[in-house]
Amino acid sequence: MSTVNYVKCFLRDKDVASITPTSPFGVKRVCKKIDFTRANVIVEYGPGDGVFTEYLLKKIRPSAHIVLIERNQDMFKCLTKAFRNERVHIFNDSAENVGALVNGQLPGKPDIIISGIPFSNIDHQARQDIIRQSHQVLAENGKFLAYQTFYQKDEHLFVHLKQYFRTVKSEFELLNIPPMRIYEAVK
Ligand SMILES: C[S@@+](CC[C@H](N)C(=O)[O-])C[C@H]1O[C@@H](n2cnc3c(N)ncnc32)[C@H](O)[C@@H]1O
């Protein structure tokens, strides 16, 4: 998607939440936490114009699948044009419905969920629902990876992750606009 169209999406929809896609450095930093030799199914919440998806497609095994859940219709259209691949499943839907969207058509339960959706904008109940369902759909030892704005408060995501996941770590990546807070939660 062009920079102008990306900014238009941001101005029309507060949940786009960022004026520019994640930097290549940020993408690599988050994806370093994925064991690509083992991952069969990777789910992305809020793929935007597909900056993570493009990287993931280069790294995954030939038999692995990617599920994209994107609520913004313009971003969704952009994704359907960019990723015409039978191993990429694209839904114009909300992460709140992940339990219904991730189903038997896939080669297994998701090993990884990568999330860029802005948890600070989401109300308490919906956050709780998304994290509970994410935990439920993940395979044993599966990982939930989230990248958020660096100033995010613990109550917006960290405490919810702590409630469901076995281990939860968070770190900062300053080489992104804006800098990111990255979470790694293991089932
Ligand atoms: C900060 S952008 C991240 C875009 C892209 N992944 C990147 O790294 O550049 C957040 C994305 O999440 C999408 N989004 C926000 N809330 C969502 C929800 N509840 N379910 C699915 N997508 C959502 C927005 O439309 C937007 O594309």
Residue exposure sequence - Thr80, Thr37, Thr53, Thr167 - by fewest surrounding Cβ within 10 Å | Thr37, Thr167, Thr80, Thr53
Under 5 Å between amide H atoms, partner at least 5 residues away or on a different chain: which partners does Ile90 have, H built in plane at 1.01 Å?
-> Leu68
Geometric extent, Cα atoms of the chain - Rg, Dmax (angstrom) = 15.1, 42
From phi via Karplus (6.51, -1.76, 1.60), per-residue ³J(HN,Hα) for the stretch 108-119 in Hz, x at Gly/Pro = x, 6, x, 8, 9, 10, 10, 10, x, 6, x, 4
Sequence-separation-based contact order of the chain, relative, with Cα cut under 8 Å and 6+ spacing, percent | 21 percent
Could you give me the ³J(HN,Hα) list for the stretch 78-86, computed from phi with Karplus coefficients 6.51, -1.76, 1.60 and θ = phi - 60°, whole Hz, x at Gly and Pro?
-> 4, 5, 5, 6, 6, 10, 9, 8, 5
Along the stretch 65-77, Karplus-curve 3J(HN,Hα) (6.51, -1.76, 1.60; θ = phi - 60°) to the nearest Hz, with x for Gly and Pro, reads 10, 10, 10, 10, 10, 10, 7, 6, 5, 5, 5, 4, 4
Please list, in chain and number order, the residues 5+ apart from Ile113 or on another chain whose amide H is under 5 Å from its amide H, with Hs placed from the backbone.
-> Val43, Lys143, Phe144, Leu145
Estimated Rh, the stretch 1-45: Kirkwood, alpha-carbon pairs, angstrom = 12.7 Å
For the chain, what is the calculated [θ] at 222 nm in deg cm²/dmol (nearest 500), taking -39500 (n - 2.57) for each run of four or more DSSP H residues and dividing by its residue count?
-> -9500 deg cm²/dmol
Could you check what % of the DSSP bridge pairs in the chain are antiparallel, to the nearest 5?
-> 45 percent
Of the cross-linked pairs Lys59/Lys187; Lys8/Lys109; Lys8/Lys153; Lys14/Lys169; Lys109/Lys153, which ones have a Cα-Cα span greater than 32 Å in the structure shown?
-> Lys8/Lys109
Interchain or sequence-distant (5+) residues whose placed amide H lies within less than 5 Å of the amide H of His65 are Val41, Ile42
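Every read-out reported here was derived from the displayed coordinates using simple, explicitly stated rules and does not represent laboratory data. Note that the structure is a prediction, hence the values are computed from the model and not measured. Glycine gets a Cβ as well: all are built from the backbone with ideal geometry, and neighbour counts include every protein chain shown.
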